[in-house]
Amino acid sequence: MTFWLESLSGLVVGLLVGLTGVGGGSLMTPLLTLVLGYAAPVAVGTDLAFAALTKSFGTLAHRRHGHVRWDIVRRLTLGSLPAALVAILLLKAHGGLGAGGLHFIKLAIAGSVVLTVLSLLFRATWLAALRANPGWRLHGRALAGSTVAVGALLGALVSVSSIGAGAVGATLILLLYPELKPAEVAGTDIAYAMPLTAVAALGHVWLGTVHWSLLGALLVGSLPGIWLGANLARHLPERMVRGALAATLMLAAVRLVS
């Protein structure tokens, strides 16, 4: 019964990812902790392993269609991988599985969920302001340095909470590079997140926080869910779906810190 409940959870998350393109980690991790009752470190570690596998397939697909800006991926990776390694080492050194570490991870999950909600609700507004004020755009070394810094921020965030590589990452990429096409944003976001989630997942394997049978159940449900969501996306208003997702995530964030 537990296997099918976990698979159903994967199906629900996959459906939302297929409908909106976001919500994987930001919904999966709170779901595993609040609904299925897994400890926060286990939810984070298992979700990272799940993300590493799914983003590998996504990267191959976007690469085949030429949607990946590899120059941006290199800059993001230059910041994200060292930050991920440092975050994992700090979790290990400060008892990521103890009471203090557990509380910190839950706060990090809640904060990451809130950032995802802000990305969902206000990305269009931020982009409009940026395009109306082209002088705000960064260029040259400032742009390259900011991209590396954003990668470092996302690397730390994802390693501790498993959240941030999707909606937050895509929003920050688009704010730095507003000329990108939507497909390029998606492809670049997935391509940089693939090595990041793989390194973070390996770190959590080392920490012992990956639940392998749970991972299998989530994959069984999520893969058909993504396919179904992608097919339903043309029939449902995206604004309504994103609004409902944002409200659900905000409730989850409040519940995590209460």
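The values are calculated or read from the model by the stated rules, or taken from the named source; none is laboratory data. Note that the structure is a prediction, hence the values are computed from the model and not measured. Counting neighbours? That spans all protein chains shown, and the Cβs are built from the backbone with ideal geometry, glycine included. To get the accessible areas, we keep the full protein, side chains included, count just its heavy atoms, and leave off ligands, DNA and RNA. Shrake-Rupley method; radii C 1.70, N 1.55, O 1.52, S 1.80 Å.
When Leu207, Leu202 are screened for being over 20 Å from Leu118 (Cβ atoms) and touching a Pro at 6+ places or on another chain (Cβ under 9 Å), only Leu207 passes.
Considering segment 18-36, the residues that are of a type in the set (Ser, Thr, Tyr) and modelled with pLDDT under 80 include one that is surrounded by the fewest Cβ atoms within 10 Å (Cβ to Cβ), namely Thr20. Taking (1) free of Cβ contacts under 8 Å to residues at least 40 places away in the same chain; (2) open to solvent by less than 40 Å² (accessible area, probe 1.4 Å); (3) in a loop (DSSP other than H, G, I, E, B) in turn, Glu179 satisfies each apart from (2). Tell me whether segment 89-104 contains one or more residues that are open to solvent by less than 30 Å² (accessible area, probe 1.4 Å) and at pLDDT 80 or above. Yes: segment 89-104 contains one or more residues that are open to solvent by less than 30 Å² (accessible area, probe 1.4 Å) and at pLDDT 80 or above.
Of all residue pairs spaced 6 or more apart or on separate chains, none has beta-carbon atoms under 6 Å together with a first member in segment 5-17 that is free of Cβ contacts under 8 Å to residues at least 12 places away in the same chain and a second member that is among the aromatic types (Phe, Trp, Tyr). Leu118 meets each of the listed conditions (1) modelled with pLDDT under 80; (2) touching a helix residue (DSSP H, G or I) at 6+ places or on another chain (Cβ under 8 Å); (3) of a type in the set (A, V, I, L, M) apart from (2). None of Ala186, Ala149 is surrounded by 19 or more Cβ atoms within 10 Å (Cβ to Cβ), of a type in the set (A, V, I, L, M) and outside any loop (DSSP other than H, G, I, E, B) except Ala186. Pairs please, first residue from segment 200-211 and farther than 8 Å from Thr46 by Cα, second anywhere and surrounded by fewer than 19 Cβ atoms within 10 Å (Cβ to Cβ) and modelled with pLDDT under 90, Cβ atoms under 8 Å, 6+ apart in sequence or on different chains. Sorted first by the residue in segment 200-211, then by its partner, the pairs are Trp206/Lys92; Leu207/Lys92; Leu207/Leu97; Gly208/Leu97.
Based on this model, can you work out whether Ala39 counts as under 22 Å from Ile105 (Cβ atoms), touching a helix residue (DSSP H, G or I) at 6+ places or on another chain (Cβ under 6 Å) and in contact (Cβ under 8 Å) with a residue 24 or more places away in the chain? For Ala39, the condition - under 22 Å from Ile105 (Cβ atoms), touching a helix residue (DSSP H, G or I) at 6+ places or on another chain (Cβ under 6 Å) and in contact (Cβ under 8 Å) with a residue 24 or more places away in the chain - is not met.
Going by the conditions given, is Leu76 over 16 Å from Ser162 (Cβ atoms), open to solvent by less than 40 Å² (accessible area, probe 1.4 Å) and at pLDDT 80 or above?
The answer is yes for Leu76.
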